[in-house]
2 protein chains.
Amino acid sequence: MQIFPPREEWYNRQQRLQQKLIQDGLKGCLISQNVGIYYFTGSMQTGYLFMPADGDPTYYVRRSIARAFKESQVRTVELGSLRQFGKQLESDYPSVFISESDNPLLIGADMDVMPAQLYVRLAEAIPQAQLKDGSALLRNVRSVKSPYEIDCISRAAEVAAAALEEGIAALQEDMTELELIAIIENAMRKRGHIGLMRMRGYNQEIMTGVVSAGEAAAEPTYFDGPAGGRGLSPAAPQSVSLRPIGRNETILIDIGCCIDGYTIDQTRTAVIGELPSELQAAYETAEAIIRRSEQLLRPGTKPEQLYAQALEMAEAAGLSEHFMGFGRDQVKFLGHGIGLEIDEWPVLARGFQDPLEPGMTLAVEPKFTFPGLGVVGIENTYLITETGCRPLTQSPERIYTIQI
Amino acid sequence: MQIFPPREEWYNRQQRLQQKLIQDGLKGCLISQNVGIYYFTGSMQTGYLFMPADGDPTYYVRRSIARAFKESQVRTVELGSLRQFGKQLESDYPSVFISESDNPLLIGADMDVMPAQLYVRLAEAIPQAQLKDGSALLRNVRSVKSPYEIDCISRAAEVAAAALEEGIAALQEDMTELELIAIIENAMRKRGHIGLMRMRGYNQEIMTGVVSAGEAAAEPTYFDGPAGGRGLSPAAPQSVSLRPIGRNETILIDIGCCIDGYTIDQTRTAVIGELPSELQAAYETAEAIIRRSEQLLRPGTKPEQLYAQALEMAEAAGLSEHFMGFGRDQVKFLGHGIGLEIDEWPVLARGFQDPLEPGMTLAVEPKFTFPGLGVVGIENTYLITETGCRPLTQSPERIYTIQI
């Protein structure tokens, strides 16, 4: 059943963005990306959202106007010709766009996702304004989730847990990685997974995760995560391959799904038989890291502290080179925000210093890669509460072992 | 089994791009998008491809360098710091980047997909050059497929046909649209569908297609295609819903899959029982349009002629308002190129005047939308041959009828 946010949700989101616009000296913000528009309007139709630093936003829609009218929670109008968009904005927001001042009129935009071609056209269409990169500001607003959003992520967690159970129940020797993920994906889809996962990073793609065993899991890839996977082809160079899953090798089941727009991300390690002792020890280090991370997952902690602590623990275990990928293919983070997109802020990485706040949701994923052998690790999605954290992931935490 | 293109394929692609660069007065082209990089290198790792108008290209890779070295068919080097990229290019291509001339050094770029943020950074990093929008040029090069590419699309067509058969075999009254697509998707995934579909258009997303019945199929959406679908949520406002499929209503099964990077797109209409006569008649008009389109699908035809002919036939049948969506939610094309992405060039739409060429692959999809009732239509993917066209779609053409 579709659940909708309470009415005040839209106003709260608007308020939080407007506060940041004012702090950053921006007169408004133009949002072009479907997910960003959805976040502030409740609708994902083609068009633009203009949010003034003060006053109510307007959703300018190209298509489908009928659906946008039905869904949108903010003022919604038809977008005229893009060339006239500046005039349309000026007529709707004269106090923003008509100015006597010599200072340039600075308007934020989601320049991390907006294509350059569109950026050039918008700059021409709105000559009154100077578009500034507002990506960081928008990502910061989205990083703190409402109770409604947390409920959506929890429902996604429930679906992922059920799908993992179905996958484990079907897991057997010599089935291919592709066969295993097909079972898991089908279990998620039947329960309402929307059929795709959203990722903000340019050129980053994600299926429903990485299900990969033995040396195939340890193959490096472009994907901005600790586990790559061989993939089905150089045209799909990540996640599952056609390799059959063997005995006594680590099976990484890193999966997510998207329910009503919200994603979950979780990882469990499985084995048919027994893990080699080296991998067993690394798995235990991953568990120890996630336990210690839970201590730090509370309001006030700087995200980069979590990464630093994990690095230290990996080093103490003699596993530095294997942590979060191997050697030069390592990624430099321990986890990431998650919500409408799977790669939200904050990132648990160097440079992320704004303290954690209640309502943030974070996937924490310590993993160790052993070329030729595989990847072990664990990943939970957590909610930052007033006093600490609460896991949203529902799958029991253990090595999923199929006896032989 | 993974099939790779013959060695000369890479050289042919390079030649075709270089010819167009010279025609357009560009000294080279910088490609940032994963699909574009894959097309010219055989690898899809993170980085940039620089193609000079004359001489050999270089693939500058950030991650994974190991995998790029293994897969790439062109010169491949590590990308240094992005800030120094201009210097790296200058040292690799002095004859391009060091010039005595006062004319600006024009370099094409895939600005229709490259984010604005990256565009600004690249412009700073490569101050010697002026980036120009090279999207049209790149899309033109890709529109003509090689025998290898046609074989990939044919293999995708085979998978889609098998999946349709499985879906039809399972189709029964009161199953939901979601249940039906889950069966079809699972059938495709088990046969090697990579788990996602690629679409170039900004904010456009595609699952494995639209499976939608009755009035739900006729709901308008942002999606740039003739059939929308209710979707599972405003956060996934297209394709399947939880609506149960009823008797005597049209079931639109518009599906695609992606094998080794190449996509197919096809549509069939199904019904449990019998179509209402109005929809039956519209379906027959769609079939008549596709038959007449086949006559025009040959080298020399302007793509826009196909759209014009279809419009005329829809008008003659009294169905203008229902053609390719209803009323103001109509889309203005009859079909589209298809390959690595589902929305390739040419588009069968006004303004596309460059004549069809042998090797082009096109999805032709006449459809009629009846609000409150549903969508009927048919879609085949065709190859333009030396003398005409050949369907790549393998599913038999008929209304798939489940007797009651």
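What the table below lists for this structure:
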item: In the range B:282-299, the residues that are open to solvent by 50 Å² or more (accessible area, probe 1.4 Å) and not acidic (Asp, Glu); result: B:ARG291, B:ARG292, B:GLN295, B:ARG298
item: Spans of strands (runs of 3 or more DSSP E) in the range A:284-379 with at least 1 residues closer than 30 Å to A:TYR39 by Cβ and modelled with pLDDT of 95 or more; result: A:335-337, A:344-348, A:361-364, A:367-370
item: Members of the range A:203-233 that are more than 13 Å from the chain's Cα centre (by Cα), of a type outside the set (D, E, K, R) and within 10 Å of chain B (Cβ to nearest Cβ); result: A:ASN203, A:PRO220, A:THR221, A:TYR222, A:PHE223, A:GLY228, A:GLY231, A:LEU232, A:SER233
item: Single condition A:GLY261 does not satisfy, out of (1) under 22 Å from B:LYS190 (Cα atoms); (2) modelled with pLDDT of 95 or more; (3) facing another protein chain (nearest Cβ under 7 Å); result: (1)
item: Count of residues meeting criterion [of a type in the set (A, V, I, L, M) and not in a strand (DSSP E or B)] in the range B:237-274; result: 3
item: Residue match in the range B:94-105 (condition: closer than 26 Å to A:ALA235 by Cβ and in contact with a helix residue (DSSP H, G or I) (Cβ under 6 Å, 6 or more places away or on another chain)); result: no
item: Those residues of the range B:224-250 which are on the phi < 0 side of the Ramachandran plot and open to solvent by 20 Å² or more (accessible area, probe 1.4 Å), in sequence order; result: B:ASP224, B:ARG230, B:LEU232, B:LEU242, B:ARG243, B:PRO244, B:ARG247, B:GLU249
item: Residues within the range B:128-141 that are open to solvent by 20 Å² or more (accessible area, probe 1.4 Å), away from chain A (no Cβ under 13 Å) and closer than 18 Å to B:LEU348 by Cα, tallied; result: 1
item: Unique match (being among the β-branched types (Val, Ile, Thr) and open to solvent by less than 20 Å² (accessible area, probe 1.4 Å)) among B:VAL144, B:VAL159, B:VAL120; result: B:VAL159
item: Matching residues, the range A:23-43, being at the interface with chain B (Cβ under 8 Å from one of its Cβ atoms), open to solvent by less than 10 Å² (accessible area, probe 1.4 Å) and either touching a residue at least 60 places away in the same chain (Cβ under 8 Å) or touching a Leu at 6+ places or on another chain (Cβ under 8 Å) (or both); result: A:SER32
item: Whichever residue in the range A:92-104 is under 13 Å from A:PRO127 (Cα atoms) and surrounded by fewer than 17 Cβ atoms within 10 Å (Cβ to Cβ) and, among such residues, is modelled with the lowest pLDDT; result: A:SER99
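The rows are residues; the columns are (1) among the aliphatic types (A, V, I, L, M); (2) touching a residue at least 40 places away in the same chain (Cβ under 8 Å); (3) in the same structural domain as A:SER154 (by TED's automatic domain parsing).
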{"position": "A:PRO234", "(1), (2), (3)": "no, no, yes"}
{"position": "A:GLN238", "(1), (2), (3)": "no, no, yes"}
{"position": "A:ILE245", "(1), (2), (3)": "yes, yes, yes"}
{"position": "A:GLU249", "(1), (2), (3)": "no, yes, yes"}
{"position": "A:ASP254", "(1), (2), (3)": "no, yes, yes"}
{"position": "A:ILE259", "(1), (2), (3)": "yes, yes, yes"}
{"position": "A:GLY273", "(1), (2), (3)": "no, yes, yes"}
{"position": "A:SER277", "(1), (2), (3)": "no, no, yes"}
{"position": "A:ALA282", "(1), (2), (3)": "yes, yes, yes"}
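For every residue, the table says whether it meets (1) aliphatic (A, V, I, L, M); (2) within 13 Å of chain A (Cβ to nearest Cβ); (3) free of Cβ contacts under 8 Å to residues at least 12 places away in the same chain; (4) open to solvent by less than 20 Å² (accessible area, probe 1.4 Å).
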residue	(1), (2), (3), (4)
B:THR46	no, yes, no, no
B:PRO52	no, no, no, yes
B:ASP56	no, no, no, no
B:ARG62	no, yes, no, no
B:GLU71	no, yes, no, no
B:ARG75	no, no, no, no
B:GLY86	no, no, no, yes
B:GLU90	no, no, no, no
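Condition check ((1) in contact (Cβ under 8 Å) with a residue 24 or more places away in the chain; (2) out of contact with any Gly (no Cβ under 7 Å at 6 or more places or on another chain)) across all residues:
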position: A:PRO299; (1), (2): yes, yes
position: A:ALA316; (1), (2): no, yes
position: A:ASP329; (1), (2): yes, yes
position: A:PRO346; (1), (2): yes, no
position: A:GLY351; (1), (2): yes, yes
position: A:ALA363; (1), (2): yes, no
position: A:CYS389; (1), (2): yes, yes
position: A:LEU392; (1), (2): yes, yes
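The values are calculated or read from the model by the stated rules, or taken from the named source; none is laboratory data. Small disclaimer: the values here were computed from a predicted structure and weren't measured. Positions of Cβ are generated from backbone atoms using ideal geometry, with glycine treated the same way; all protein chains shown enter the neighbour counts. The area values use the complete protein model at the heavy-atom level, side chains included, leaving out ligands, DNA and RNA. Shrake-Rupley method; radii C 1.70, N 1.55, O 1.52, S 1.80 Å.
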